[in-house]
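The values are calculated or read from the model by the stated rules, or taken from the named source; none is laboratory data. Since this is a predicted model, take the numbers as computed values, not measurements. Here the Cβ is made from the backbone with ideal geometry for all residues, glycine too, and neighbour counts use every protein chain on show.
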Amino acid sequence: MVAYFDASAFVKLAITEPHTDEVRAAWDGAQRRLSSQLLYAESRAALARAVRMSRLASPEAAAARALTELLWGGVERVAVTQSLVQRAGDLAEEHGLRGYDAVHLASFEEIADERTVLVASDGDLVSAAAARGFLTLPLPA
């Protein structure tokens, strides 16, 4: 299996949340793991938000950041190009997606084949990918 991870799923690898086990199984079962270059910044922002909201204490946050760094090294990155950004704009308009979700869908669309699965817990992104005929591993938020 080839797995594309968006930030809503990737963060579950660094901090325990609902459906962390499913994401870990997808990570462990994938021969290749891909995502947009934006995944890193988006994931770090999610970790910082968890600290601000007191869902993650400072010592846990440091461990989560270290794990994020380690896992990031195992991700093949899809470059954010001008054409990809324009495609993301089209997808955002067509499917009512937020900006980062549209970039993830455009990135996924660029690399997907019949073995590629989108791993995400963002319902709008999963719905848009499924509507386009892509394989998904939906994870409720």
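Among the residues of the range 46-90, what is the count of those that are under 17 Å from Ser35 (Cα atoms) and of a type in the set (A, V, I, L, M, F, W, C)?
Counting residues in the range 46-90 that are under 17 Å from Ser35 (Cα atoms) and of a type in the set (A, V, I, L, M, F, W, C) gives 12.
Starting from the range 37-48, keep only residues that are over 15 Å from Leu70 (Cα atoms) and at pLDDT 95 or above, then list their pairs with residues that are surrounded by 18 or more Cβ atoms within 10 Å (Cβ to Cβ) and of a type in the set (D, E, K, R) whose Cβ atoms are within a distance under 9 Å, requiring at least 6 positions of separation or different chains.
Note: pairs meeting the criteria are Glu42/Asp6.
Just the residues that are in contact (Cβ under 8 Å) with a residue 40 or more places away in the chain and loosely packed, with under 12 Cβ neighbours inside 10 Å, please, taken from the range 92-110.
None - no residue of the range 92-110 is in contact (Cβ under 8 Å) with a residue 40 or more places away in the chain and loosely packed, with under 12 Cβ neighbours inside 10 Å, so the list stays empty.
Anything in the range 96-110 that is assigned to a helix (DSSP H, G or I) and either closer than 12 Å to Leu39 by Cα or over 14 Å from the mean Cα position of the chain (by Cα) (or both)? List them, or say none.
Within the range 96-110, Tyr100, Asp101, Val103, His104, Ser107, Glu110 meet the criteria.
Considering only residues that are closer than 19 Å to Glu114 by Cα and of a type outside the set (Ser, Thr, Tyr), look in the range 2-22 and name the one that is surrounded by the fewest Cβ atoms within 10 Å (Cβ to Cβ).
Val2
Can we say Glu76 is more than 23 Å from Ser127 (Cα to Cα), of a type outside the set (Ser, Thr, Tyr), free of Cβ contacts under 8 Å to residues at least 60 places away in the same chain and exposed (fewer than 13 other Cβ atoms within 10 Å of the Cβ)?
yes
Where residues in the range 23-49 are outside any helix (DSSP H, G or I) and within 12 Å of the chain's Cα centre (by Cα), which of them is surrounded by the most Cβ atoms within 10 Å (Cβ to Cβ)?
So, considering only residues that are outside any helix (DSSP H, G or I) and within 12 Å of the chain's Cα centre (by Cα), the one surrounded by the most Cβ atoms within 10 Å (Cβ to Cβ) is Ser36.
Mind listing whichever residues of the range 50-60 are in a helix (DSSP H, G or I) and closer than 23 Å to Gly73 by Cβ?
Ala50, Val51, Pro59, Glu60
Could you tell me which numbered condition Gly89 fails, if it satisfies all but one of (1) touching a residue at least 40 places away in the same chain (Cβ under 8 Å); (2) in a helix (DSSP H, G or I)?
The one condition Gly89 does not meet is (1).
Within the range 111-123, take every residue that is buried (at least 16 other Cβ atoms within 10 Å of the Cβ) and not polar (S, T, N, Q) and give me the one that is farthest from Thr20 (Cα to Cα).
The qualifying residue farthest from Thr20 (Cα to Cα) is Ala112.
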